[in-house]
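Nothing in this text is a laboratory measurement; each read-out follows from the coordinates by a stated rule. Model, not experiment: these values are computed from the prediction. All Cβ positions, even for glycine, are placed from backbone atoms using ideal geometry, and neighbour counts span all protein chains on display.
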């Protein structure tokens, strides 16, 4: 199955909801007679309702509906305009070019339960398939179960992992991982971190220490800070994201569990609210079910059925 087919399958629930709720709006607004008129209040309200139900968010929905209403020209399809506006929001947050330092250090952050551990395993597998040689650093030393689970994923992806005893200093584990990566010629280090957002001060201090150690061993490290968000949480996840962005200096998002929700519009809300690029999306349980995020393919996949 190709990447687009896997993405389309993962977004099936979102697509079904949009098709069911939006089809009447589109058919009415795209009729030959309606295309000769501006978007009326009833159509705008119906479009707003559909986008909110897909979790596009209040701010992004208002912007999209407003832009569609302003841009409507004779003969233009409402469906095409909505797709264009969603794409515009997603493409406004393009990732920065990755620095050339080796190893490339990626700090993975997020609260417990969002799929952070499985994401790291899948990401390691994805990078390996791209010809990279990743190493996993188990720096969440406060939960033994997390380290054991991470080891399972490291074994599944067949990549090295550096771990320490429970209760060890996370920064010390990061130091060991940097040393191991340089010695073994690994070109990417994926650093798992603790997900204790409620102890904000401790988390900030821990991340600052990890940053200092990493940058001392590898220039410019960490080169990326990826925040893992659970798509099924919807708008509530944005509050977590804002807090982690303030604390951890997040540079990109990994959006997990999209196959388990009908609210895939959350990607648009994230891009609009946080102004951060979505780097990867999770569309299943398998080791291969983490996909690089491509805005055009994402929008096409959401609107694929019957359209």
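For residue 144 and residue 156 in the same chain, what is the full-extension length gain: residue separation times 0.36 nm, less their Cα-Cα distance, in nm?
Numbers: separation 12, 0.36 × 12 = 4.32 nm, distance 1.86 nm.
Using 0.36 nm per residue and subtracting the Cα-Cα distance, I get 2.5 nm.
Measure out, as a whole number of angstrom, how far apart the alpha-carbon centroids of the stretch 238-302 and the stretch 67-138 sit.
So the separation of the two Cα centres works out to 6 Å.
Take the Cβ-Cβ distance between residue 205 and residue 100 as r, set R0 to 35 Å, and report the resulting FRET efficiency rounded to the nearest 0.05. Don't skip to the end; give the middle numbers.
Numbers: r = 30 Å, r/R0 = 0.86.
Here the calculated transfer efficiency is 0.70.
Run the numbers on the stretch 116-179 and let me know its relative contact order in percent, using alpha-carbon pairs under 8 Å that are six or more apart.
Over the stretch 116-179, the number comes to 38 percent.
Over the chain, what relative contact order in percent results from Cα pairs under 8 Å that are six or more residues apart?
It rounds to 28 percent for the chain.
As an exercise, use a Förster radius of 35 Å and the Cβ-Cβ distance of residue 128 and residue 168 to find the FRET efficiency, rounded to the nearest 0.05. Please list the in-between numbers first.
Working: r = 27 Å, r/R0 = 0.76.
My answer for the efficiency is 0.85.
Grab the beta carbon distance between residue 84 and residue 242, set R0 = 25 Å, and tell me the FRET efficiency rounded to 0.05.
On the way: r = 28 Å, r/R0 = 1.11.
That pair, residue 84 with residue 242, gives E of 0.35.
Which of the peptides 264-270, 284-290 is most tightly packed, and how do the rest follow, judged by the mean count of other Cβ atoms within 10 Å per residue?
So the order, starting with the most tightly packed, is 264-270, 284-290.
Counting only DSSP beta bridges with both residues in the chain, tell me the antiparallel percent, nearest 5. All intermediate terms of the calculation are to be shown ahead of the outcome.
Numbers: 3 of 28 bridges.
Among the beta bridges of the chain, antiparallel pairing accounts for roughly 10 percent.
Return a whole-number percent for the relative contact order of the stretch 51-175, with Cα pairs under 8 Å and 6 or more residues apart as the contact set. Provide the component values of the computation, followed by the final result.
Values: 98 pairs, mean separation 21.4, N = 125.
Averaging sequence separation for qualifying contacts and normalising by length gives 17 percent for the stretch 51-175.
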